[in-house]
Amino acid sequence: MSPNATLDKISRQFPRSVIETHTWRGDATAIVRREDILAICTFLRDDPELAYNFMMDLTAVDYLGKAPRFEVVYHLYSLSKNQRVRIKAQVPEADCAIDSIVSVWIAADWFEREVFDLYGIVFKGHPNLKRILLYEGFEGHPLRKDYPVKQRQPLIGPLN
Amino acid sequence: MGLINTFSAEEPLGPNVVVTRLEAAINWSRKYSFFLYPFATACCAMEFMAVGGPRYDLDRFGAALPRFSPRQADLLMVVGTITHKQAPILVKVYNQMTEPKWVMAFGVCAVSGGFYDNYATVQGIDTLIPVDVYIPGCPPRPEMVLDGLMLLQEKVTQEKWSDWPKGPAPVKMKC
């Protein structure tokens, strides 16, 4: 399936969830509501024409000052179809949570922990949601745009 | 070998006897027999390998025997960036070393944090443990490391027993 056909298929299947789609130089992107992310991911994996069986990357973006503030970005790849698609799910600051997709692709486990660690986005249903890169006792989420550049952590004293 | 023929008491005894102070003799032997513990965490470790290899050869200074247990080492070489997460480990290693012990900050990250002025990096290991010699550079040239080692040897020569830092590192950490 071409990138446009992939996006059409997602839009037809989830007409109320897909907010916007676009392709640019062969890269397909769909911006979706977070409520249906689990259903969308399951559909992308299980539909025989799409067959996105490989979750390549999961990350987040902080658009400070915009609403909704966060976007969780999923990069998917179909090994059998040699196709890629990017799904962006919008997450507001007030209720900073989204469904975990570990049940769809087990590879999402550590990616979701990383996003939780650095952005503070909670993944509901994650089997082991705790910090992965930073240590227990770290205060705040340093990749948020409003994390102070000179902020220092209490673990090793005021000089640091 | 500056110790020989320093004291007039040697003259009547001839060349077979060396008179010295016990402290000076021990320091002299210590400065040529560092047992170093390479706490290598980052890219500076490549330069540490270069300085340990045959071209620059730390062994010429008697410091070529890396010990991979801090309990057998007396020179802690902190080679690379130290993150907050790693800081308790560094302090634990330092506390486990036998006295007397010396610390070398190898590379600008260990000296001051380098350009990593961010949420994760220790701003110089001297905020955690006492440091004897600082070697800047990103990474330092092997010549700089050898220069630093010779500076440390000079320092050791002049040390008294009361000069060594004793006890655990001054910072308190859960580790």
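Can you tell which of A:152, A:113, A:131 is under 15 Å from the mean Cα position of the chain (by Cα), within 29 Å of residue B:122 (Cβ to Cβ) and without any contact (Cβ under 8 Å) to a residue 24 or more places away in the chain?
Just a single option satisfies the conditions, and that option is A:113.
Of all residues in region B:62-73 being buried (at least 18 other Cβ atoms within 10 Å of the Cβ) and at pLDDT 90 or above, which is farthest from residue A:136 (Cα to Cα)?
B:73
Which of the residues belonging to region B:117-161 are in a helix (DSSP H, G or I) and within 14 Å of another protein chain (Cβ to nearest Cβ)?
B:125, B:126, B:127 - these are the residues of region B:117-161 that are in a helix (DSSP H, G or I) and within 14 Å of another protein chain (Cβ to nearest Cβ).
Could you give me the residue pairs with C-beta distances under 6 Å whose first residue belongs to region B:125-150 and is under 11 Å from residue B:109 (Cα atoms) and crowded, with 17+ Cβ neighbours inside 10 Å, whose second residue is at pLDDT below 95 and among the charged types (D, E, K, R) wherever it lies, and which are 6+ apart or on separate chains?
The qualifying pairs are B:139/B:47.
Take region A:133-149 and flag every residue that is hydrophobic (A, V, I, L, M, F, W, C) and within 17 Å of residue A:98 (Cβ to Cβ).
A:143
For region B:45-67, does any single residue satisfy the condition of being under 30 Å from residue A:145 (Cα atoms) and either in contact with a Gly (Cβ under 8 Å, 6 or more places away or on another chain) or within 14 Å of chain A (Cβ to nearest Cβ) (or both)?
Looking through region B:45-67, none of the residues is under 30 Å from residue A:145 (Cα atoms) and either in contact with a Gly (Cβ under 8 Å, 6 or more places away or on another chain) or within 14 Å of chain A (Cβ to nearest Cβ) (or both).
Name the residues in region A:91-107 that are surrounded by fewer than 19 Cβ atoms within 10 Å (Cβ to Cβ) and either of a type in the set (D, E, K, R) or modelled with pLDDT of 95 or more (or both), would you?
Within region A:91-107, A:93, A:95 qualify.
Hey, could you check region A:151-160 for residues that are surrounded by fewer than 14 Cβ atoms within 10 Å (Cβ to Cβ) and facing another protein chain (nearest Cβ under 8 Å) and say which is modelled with the lowest pLDDT?
A:159
Would you check which residues across region A:108-138 are buried (at least 17 other Cβ atoms within 10 Å of the Cβ) and within 14 Å of chain B (Cβ to nearest Cβ) and list them?
Matches in region A:108-138: A:114, A:117, A:118, A:119, A:120, A:134, A:138.
Evaluate region A:51-73: report whether one residue or more is in a loop (DSSP other than H, G, I, E, B) and under 19 Å from residue A:124 (Cβ atoms).
yes
Are any residues in region A:75-99 part of a loop (DSSP other than H, G, I, E, B) and free of Cβ contacts under 8 Å to residues at least 40 places away in the same chain, and if so, which ones?
If the condition is that a residue be part of a loop (DSSP other than H, G, I, E, B) and free of Cβ contacts under 8 Å to residues at least 40 places away in the same chain, then A:79, A:80, A:82, A:92, A:93, A:94, A:95, A:96 are the ones that fit.
Would you mind telling me which numbered condition in (1) over 23 Å from the mean Cα position of the chain (by Cα); (2) at pLDDT 70 or above residue B:34 fails?
Residue B:34 satisfies every listed condition except (1).
Among all residue pairs at least 6 apart or on different chains, which show Cβ distances below 6 Å where the first residue, located in region A:16-29, is under 14 Å from residue A:76 (Cα atoms) and the second is assigned to a strand (DSSP E or B)?
Partner pairs satisfying both residue conditions: A:28/A:85; A:29/A:22; A:29/A:86.
The values are calculated or read from the model by the stated rules, or taken from the named source; none is laboratory data. Bear in mind that the values here come from a model prediction, so they are computed numbers and not experimental data. Because the Cβ atoms are built from the backbone with ideal geometry, glycine has one as well, and the counts that use them run over all protein chains shown.
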